[in-house]
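Engineer: One structure, as structure tokens, below. Some questions next.
Derivation of every value follows stated rules applied to the coordinates shown; laboratory data play no part. Please read these numbers as outputs of a predicted model, since none were measured by experiment. Note that each Cβ is placed from the backbone with ideal geometry, even for glycine, and that neighbours are counted across all protein chains shown.
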Amino acid sequence: MRQIEISYDDLEHELINEFKKLGSPGIYQRGILATSANDYVTARRMRLIPDGLKIYCWTTRHTRKHKQILKNPQVALLAGFIQIDGVASVRGHPMDNSEFLEAYKERIPDAYERSVDGWRRVDHVLIEVVPTRIACFKAIGRGTSLESYLDVLKVAQRKAYRVYEFASMLEDHSDAPAYSE
């Protein structure tokens, strides 16, 4: 495996632009939210709304995901080719968070109107995910000239890496900075 350090600010800017695809048709329309508690992991499709690097989603108070987040805020998200490890927190009712409402209305106005109506009828909670690590798979070229790599943003450390040859199953990547906790 080969890994180089790259510009944190450049990759952060690129990922924020990539996040703007969330909610659009195709592989970015819905993401996957994985939660766990008591050694039990679950995953489900969710509408993900970005605001900078933060990601929002919502659920009702009586769901397994809500209960798991209250017990263990460590979550994982997947949308398109973006993988996010982060810390989730419950932020009250979706209608009580102006940052979220503004981001949602700007990104997907038609879905926003439908959601607002649903939030009035059922007891919903807003989930905010603050990323700790974001990875984005990239491939350039075609056929034998295809080059693939993984760009990794380690948010708390303000470090960014490009990892080549990460798909090799013969190597242990656990000690590489892009993969370490």
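Engineer: Output ³J(HN,Hα) for segment 70-85: one whole-Hz value per residue in order, computed from phi by the Karplus curve 6.51 cos²θ - 1.76 cosθ + 1.60 with θ = phi - 60°, and x for Gly and Pro.
Structural biologist: Going residue by residue, I get 5, 7, 8, x, 6, 10, 10, 10, 9, 8, x, 9, 9, 10, 10, 9 Hz, with x marking Gly and Pro.
Engineer: With only alpha-carbon atoms counted, please give the Rg and Dmax of the chain, in Å.
Structural biologist: Over the chain's Cα set, Rg and Dmax evaluate to 17.4, 55 Å.
Engineer: Counting other C-beta atoms within 10 Å, which of Ser24, Ser145 has the fewest, and how do the rest follow?
Structural biologist: Listing Ser24, Ser145 from fewest to most nearby Cβ atoms yields Ser145, Ser24.
Engineer: Would you mind checking which residues have amide H under 5 Å from Thr59's amide H? H placed 1.01 Å from N; only 5 or more apart, or other chain.
Structural biologist: Hits under the 5 Å cutoff: Val125, Ile127.
Engineer: State the number of lysine pairs found in the chain whose Cα atoms come within less than 16 Å, restricting to pairs 8 or more positions apart or on distinct chains.
Structural biologist: Qualifying lysine pairs in the chain: 7.
Engineer: When only Cα pairs under 8 Å and 6 or more residues apart are kept, what is the percent relative contact order across the chain? Kindly include the intermediate steps, with their values, before the conclusion.
Structural biologist: Numbers: 335 pairs, mean separation 44.1, N = 181.
This gives 24 percent for the chain.
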